[in-house]
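Every read-out reported here was derived from the displayed coordinates using simple, explicitly stated rules and does not represent laboratory data. Given the structure is predicted, the values throughout are model-derived calculations rather than measurements. Cβ: placed from backbone, ideal geometry, glycine included. Neighbour counts: every protein chain shown.
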């Protein structure tokens, strides 16, 4: 491995490593990413992008190919045998997988991990700027050019030196636990491997099974399986493998996965799906895995220079479709904090919130997987589909909640009960006032490393409200003038489209014509709209929402100068350092 000086060295080119590399390089940082494998992933592994994963990828400017090609899933079906069914299955239920999930992408995208990685690799290699701004305002356009990054394959071992340059924070490293290097950091993987063995096969099939394009859970006389429809007419079967089909090493107690071939996996699927017929026309990939649930004892080294992300932090079964999504969210959470610290916008303590937020999430995720594993092994009644429906917002990622910290302050939650502090800013349809184009509130939260200030103005034509807004604008501008590139201001009025104008908002709160929105039904009524204030629980007095660069709500404040400044200082927005 050649010697170079970089801002960030990333070891491991899976979804987490590539996402970190992409975010940092888009911010203008110098990045090097290496992987011990001789070639990139071509097939297999993850295949589900949950709603929040899709939202994050969209906020990074990379969603178009995925939205075009992915199989969209909005429901799950359950098939089971009856005691007198002679080993034949029948339909038990169909349920929504997105009920209660508010998003501009209310579906799962079933799409190969290798294709997601390919999109990230192409973006890195191009050196082009992909992350868009939500506004045309010249002052909000990124001034940092992206850097071209090529993934270096077959690099192992890696020798690195972490050094301070005049007390800067110059180098951060991602390590994979499977390489054995986490032990040198004093990080332990806590958990255990179960005796459950599962076979997987990705294939193109010919079948008369009516729900072949639905996410389907099967139970047939104690054997369980999951069907996942994939992109381009492909499907994945994940099926429980019995003890008679595997052998266990008497010395180590480990399952010999080589004893279960693709032929046996296909036989098991054919037996399970009776009375329906299925023929495997072409197999794309197959594999066998043993369920293991492990969580890293900590996410960084003692000096706060080395961080672990994705599978290096947590391992679990794939039954809830969380592996790739958890990795993407880990990287998304860590990356903006690294950018702020490396560029001198934030103090190093900011990075400590990565572990407290993401390790807490991983612990909840492993608990969910343990319950799913118990259900799928038959130890408790129910189906994995039922469990996922009950945990819908957590599984989809839209309900992930971060606790109070140096970047989150929930003290003013009652100002807007529908905007949960610590969760991602909720989706509602709003209209851009200048042209009444319908947008999602999520479109304001591009992952460009800036804080977003959303002012819910109420009706700015009312004299008392106008006076308040004028003062809010002066306060924010005094704050922002010291670092204008760190905050983007957007306003959402409660006025109707027939009478509202973007010039109704004080000039100090509208940096450009496309930063002013209103809460009303679109002229194209099928686009929706008009429910934001009601959904947020905000009255005519309005309020201010401070949103972190990763889209999570940091704080709420009334439209009073003292409370706004207190909110900005409490969550350590950049100018409070």
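What is the diffusion coefficient of segment 413-576 in µm²/s, taking the Kirkwood radius over Cα pairs and the Stokes-Einstein relation at 20 °C with a viscosity of 1.002 mPa s? Approximately 138 µm²/s, per Stokes-Einstein. Please report the antiparallel percentage of the DSSP beta bridges confined to segment 413-576, to the nearest 5. Bridges in segment 413-576 are about 65 percent antiparallel. For the chain, what is the percent of antiparallel DSSP beta bridges, rounded to the nearest 5? About 75 percent, rounded to the nearest 5. Compared with the dominant principal axis of the Cα atoms in the chain, helix 352-376 is inclined by about 40°. In this simple spin-label approximation, residue 281 and residue 139 carry label points 7 Å from Cα along the Cα→Cβ vector, and these lie 5.8 nm apart. To the nearest ten degrees, helix 561-570 and the longest principal axis of the Cα atoms of the chain are 40 degrees apart.
Annotation: the residues 479, 336, sorted from fewest to most other C-beta atoms within 10 Å of their own C-beta, follow the order 479, 336. For the pair residue 152 and residue 88, the difference between a 0.36 nm per residue extended length and the Cα-Cα distance amounts to 18.0 nm. Binning the C-alpha pair distances of the chain at 10 Å intervals from 0 yields a P(r) profile of 3, 17, 26, 24, 17, 9, 3, 0, 0 %, listed from the shortest bin outward.
Extension gain for the segment residue 496 to residue 67, taken as residue separation times 0.36 nm less the Cα-Cα distance, is 151.2 nm to one decimal. Going from the fewest other Cβ atoms within 10 Å to the most, the residues 357, 88 appear in the order 88, 357.
Here the sum of -39500 (n - 2.57) over DSSP H runs of 4 or more residues, divided by the residues of the chain, equals -7500 deg cm²/dmol at 222 nm, to the nearest 500. Label separation (residue 298 vs residue 243): 4.1 nm, computed from points 7 Å beyond Cα along the C-beta direction. Normalising the average separation of contacting C-alpha pairs (under 8 angstrom, six or more residues apart) by the number of residues puts the relative contact order of the chain at 16 percent. Note on residue 523/residue 42: beta-carbon distance plugged into 1/(1 + (r/R0)^6) with R0 of 35 Å gives a FRET efficiency of 0.15. Between the Cα long axis of helix 463-480 and the first principal axis of the chain there is an angle of about 70°, rounded to the nearest 10.
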